[in-house]
Amino acid sequence: MSQRLAVTVLGATGSIGASTLDVLARHPERYSVYALTAHRSRDALLSACLRHQPQIAVIETQADATWLRNALRAAGVFTDVQYGAEALVDVSAAAEVDVVMAAIVGAAGLLPTLAAARAGKRVLLANKEALVMSGALLMDEVAQHGATLLPIDSEHNAIYQCLPAGLCGGREAARSQEQRLAKNGIAQSGVTQLLLTASGGPFRGWSADALAAVTPDQACAHPNWSMGRKISVDSATLMNKGLELIEACWLFDARPEQVQVVVHPQSVVHSMVAYSDGSVLAQLGNPDMRTPIAYGLAWPERIDAGVRPLDLFEVARLDFEAPDDEAFPCLRLARDAMQAGGTAPAVLNAANEVGVASFLDGRLGFGGIAELVARVLDACPVVAATELDAVLDADARARHEAQVWLRQCPSY
């Protein structure tokens, strides 16, 4: 490679961001770090900047930006420190940038991800909420501006690797969910089903009654993956898998009924694709996010990710089972929201973010997360999601309704 690729890492202090920086550091001849961003983790961002010395660092507030700038200057590092949402958009769309790792958790990642797509970047999508909230908009921007969208969630990355070459959403502009699903893209390539694997989280096999007393610390103790607290809770409720189901529909032009969730507790088979001739292709590997990150960074090549090779004799067995929609209703709610279309997935995502934050703060029980999401979905009208304003309005309305419900239901 004659020229290094410049990379912006959105959410550099989270688990995906840290894994991305680890892979980048293994290949300094291939990549340079253009920008690193963080929400409020200024100490972690300082450490990352001292090690990788990006041209630009972005943090949320002016006060944190001043602190970070002074700390870097004292260490002899002259990274340009910026702050705020506009700066996130700027470092995602900058002319100097080749690759954007979109790893900001939640709705906050939507605008910079859209900006990267509009700028025609290679977008490594680890922020599932951008597709959940505005799948039609994001896929349309990718298509219209010649961006490359590569999924980084281990499940979608696995599906991408198992599909026929070139079959991924976003190659043609489509202004609505109905238009995209009418194309029935995967079936045209002989694909009958996408099999999305799920570990089952820390409470696999638990009853709804047993789940009622779950604590935040229990919910954040994932058996296989090291993740942030929000995504760990989503994994525990299976909402994470529901969001991934919606994401898969947009990425691969699939209908909700063409995506089957399969609980696989070993997290070795990352997902599978079933074909009309009876074949099922699977991608396997140790549960380490550096594998899909390295795949996205180097695509269509392969590079060392620092991941231990899979030892099948050590694994010994692979188990699969159906998810329990009764004990974990969030998965069903997500599927229903995708079926409803329009702004329903944006409402689902916003309500879930409020519910998870309330659970982590001790204001809501574990079972209350799904109850809150269901009530907010009922309370919010579904409208077309073909304009950004409609998506953002639906997000705001859902958050308002969630707070109203929380105030009225102290029993949770």
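Is it fair to say residue 95 is outside any helix (DSSP H, G or I), on the phi < 0 side of the Ramachandran plot, surrounded by fewer than 21 Cβ atoms within 10 Å (Cβ to Cβ) and not charged (D, E, K, R)? Spelling it out, residue 95 is indeed outside any helix (DSSP H, G or I), on the phi < 0 side of the Ramachandran plot, surrounded by fewer than 21 Cβ atoms within 10 Å (Cβ to Cβ) and not charged (D, E, K, R). Among the residues making up region 312-363, a single one is assigned to a loop (DSSP other than H, G, I, E, B) and closer than 12 Å to residue 374 by Cα: 329.
Checking the stated criteria, residue 164 turns out not to satisfy the condition of being in contact (Cβ under 8 Å) with a residue 24 or more places away in the chain, under 25 Å from residue 192 (Cα atoms) and surrounded by 24 or more Cβ atoms within 10 Å (Cβ to Cβ).
Looking across 306, 368, one residue alone is more than 22 Å from residue 248 (Cα to Cα), in contact (Cβ under 8 Å) with a residue 12 or more places away in the chain, touching a Ser or Thr at 6+ places or on another chain (Cβ under 8 Å) and surrounded by fewer than 22 Cβ atoms within 10 Å (Cβ to Cβ). It is 368. Taking region 45-64 as the range and being touching a residue at least 12 places away in the same chain (Cβ under 8 Å) and more than 22 Å from residue 6 (Cβ to Cβ) as the test, the residues that pass are 60, 61, 62, 64. With a requirement of 3 or more residues that are modelled with pLDDT of 95 or more and over 18 Å from residue 203 (Cβ atoms), the strands (runs of 3 or more DSSP E) lying completely within region 224-294 that satisfy it span 269-275, 280-284. If you go through region 381-402 and keep only what is surrounded by fewer than 14 Cβ atoms within 10 Å (Cβ to Cβ) and not in a loop (DSSP other than H, G, I, E, B), you end up with 389, 396. In region 3-32, of all residues being surrounded by fewer than 24 Cβ atoms within 10 Å (Cβ to Cβ) and without any contact (Cβ under 8 Å) to a residue 60 or more places away in the chain, the one that is nearest to residue 90 (Cα to Cα) corresponds to 32. Among the residues of region 126-142, those identified as free of Cβ contacts under 8 Å to residues at least 60 places away in the same chain and aliphatic (A, V, I, L, M) are 130, 142.
For the criterion of being modelled with pLDDT of 95 or more and in contact with a Lys or Arg (Cβ under 7 Å, 6 or more places away or on another chain), residue 373 fails. In summary, residue 91 fulfils each of the numbered conditions (1) touching a Pro at 6+ places or on another chain (Cβ under 6 Å); (2) modelled with pLDDT of 95 or more with the single exception of condition (1). Looking at this structure, is residue 88 touching a residue at least 60 places away in the same chain (Cβ under 8 Å) and either touching a helix residue (DSSP H, G or I) at 6+ places or on another chain (Cβ under 9 Å) or in a loop (DSSP other than H, G, I, E, B) (or both)? For residue 88, the condition - touching a residue at least 60 places away in the same chain (Cβ under 8 Å) and either touching a helix residue (DSSP H, G or I) at 6+ places or on another chain (Cβ under 9 Å) or in a loop (DSSP other than H, G, I, E, B) (or both) - is met. Exactly one residue out of 133, 101 is in a strand (DSSP E or B) and either closer than 29 Å to residue 239 by Cα or at pLDDT below 95 (or both): that is 101.
For the structure I just gave you, tell me whether residue 268 is closer than 15 Å to residue 195 by Cα, without any contact (Cβ under 8 Å) to a residue 60 or more places away in the chain and either surrounded by fewer than 24 Cβ atoms within 10 Å (Cβ to Cβ) or in contact with a strand residue (DSSP E or B) (Cβ under 6 Å, 6 or more places away or on another chain) (or both). Yes, satisfied.
As a summary of the residue check, residue 40 satisfies the conditions (1) touching a helix residue (DSSP H, G or I) at 6+ places or on another chain (Cβ under 8 Å); (2) surrounded by fewer than 19 Cβ atoms within 10 Å (Cβ to Cβ); (3) modelled with pLDDT of 95 or more except for the one numbered (3). Just to be sure, is residue 281 more than 25 Å from residue 237 (Cα to Cα) and in contact with a Cys (Cβ under 8 Å, 6 or more places away or on another chain)? Spelling it out, residue 281 is indeed more than 25 Å from residue 237 (Cα to Cα) and in contact with a Cys (Cβ under 8 Å, 6 or more places away or on another chain).
Checked across region 341-356, the condition of being modelled with pLDDT of 95 or more, of a type outside the set (S, T, N, Q) and surrounded by fewer than 17 Cβ atoms within 10 Å (Cβ to Cβ) holds for no residue.
The values are calculated or read from the model by the stated rules, or taken from the named source; none is laboratory data. All values derive from a computational prediction rather than experimental measurement. Note that we place each Cβ from the backbone using ideal geometry, even for glycine, and neighbour counts take in every protein chain shown.
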